[in-house]
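K.L.:
Got a structure for you, written out below as structure tokens; questions coming shortly.
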Amino acid sequence: MIDTFNVSDFRNNALVNNDKYDQIKKTITKAITGDLNLEKEFQKFKSKWKRIFNTQKINTKNIEIVFEEHEKLNIIDIHSPDKIGLLYTITNKMAELGLTIAFAKISTKEDLIIDAFYIQKNNGLKLRKSEYGFIKSELTEEIKKII
């Protein structure tokens with residue numbers, strides 16, 4: 001559950017005007033109910049901003065994924081260069097891997113992300129340490145595709 005969400009324009013970092021919130025609310029509702037194909041929307045967005053996606057040269061060696069133990073969950077800390085669509089890419093891959101995000105701390109500082117995902121398997125169980133390597137590899141490869 002999100003308590004507060006400040007929405008800003010990525011081009012100028014200014015907060016989005018209140019009159020745009022109704023459209024944002026409708027779009028989020030459609031995404032939650034499954035009436036919006038997120039992959040298709042992401043591809044449309046990506047093609048619209050193709051210039052930005054193609055001009056950013058990012059060092060993929062700066063990706064770090066660390067697992068931490070928690071009482072009932074696992075924590076995946078991800079440090080990476082940022083790029084438009086990266087959070088969607090990471091969370092989409094987690095869903096494909098059968099992971100549920102119970103809580104997330106999302107932070108972007110300049111052009112770097114420092115995100116912590118409190119996760120468990122879709123069946124409610126914690127990850128086994130033997131699964132860490134596979135998940136780390138899958139997330140790393142997915143991040144490299146976009147950055």
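K.L.:
Taking only region 61-108 into account, find how many residues are among the aliphatic types (A, V, I, L, M), in contact with a strand residue (DSSP E or B) (Cβ under 6 Å, 6 or more places away or on another chain) and either under 15 Å from Lys126 (Cα atoms) or surrounded by 15 or more Cβ atoms within 10 Å (Cβ to Cβ) (or both).
P.N.:
10
K.L.:
Which pairs have Cβ atoms under 8 Å, sit 6 or more apart or on different chains, and link a residue in region 95-123 that is without any contact (Cβ under 8 Å) to a residue 12 or more places away in the chain to one that is open to solvent by 60 Å² or more (accessible area, probe 1.4 Å) and part of a helix (DSSP H, G or I)?
P.N.:
As it stands, the answer is none, since no pair meets every condition given.
K.L.:
Within region 128-142, is even one residue closer than 14 Å to Asn62 by Cα and either among the polar types (S, T, N, Q) or open to solvent by less than 30 Å² (accessible area, probe 1.4 Å) (or both)?
P.N.:
Within region 128-142, one or more residues are closer than 14 Å to Asn62 by Cα and either among the polar types (S, T, N, Q) or open to solvent by less than 30 Å² (accessible area, probe 1.4 Å) (or both).
K.L.:
Here's something else I'd like to know. Got a sec? Which strands (runs of 3 or more DSSP E) wholly within region 42-147 have at least 1 residues that are modelled with pLDDT of 90 or more and over 15 Å from the mean Cα position of the chain (by Cα)?
P.N.:
64-69, 74-81, 112-121
K.L.:
Only residues that are open to solvent by 20 Å² or more (accessible area, probe 1.4 Å) and of a type in the set (Asp, Glu): list them for region 109-118, please.
P.N.:
Hits for region 109-118 are Glu110, Asp111.
The values are calculated or read from the model by the stated rules, or taken from the named source; none is laboratory data. The structure presented is a predicted model; accordingly, all values stated were derived computationally and were not measured. Note that we place each Cβ from the backbone using ideal geometry, even for glycine, and neighbour counts take in every protein chain shown. When the accessible area is computed, the model is the full protein with side chains, heavy atoms only, and any ligands, DNA or RNA have been set aside. Shrake-Rupley method; radii C 1.70, N 1.55, O 1.52, S 1.80 Å.
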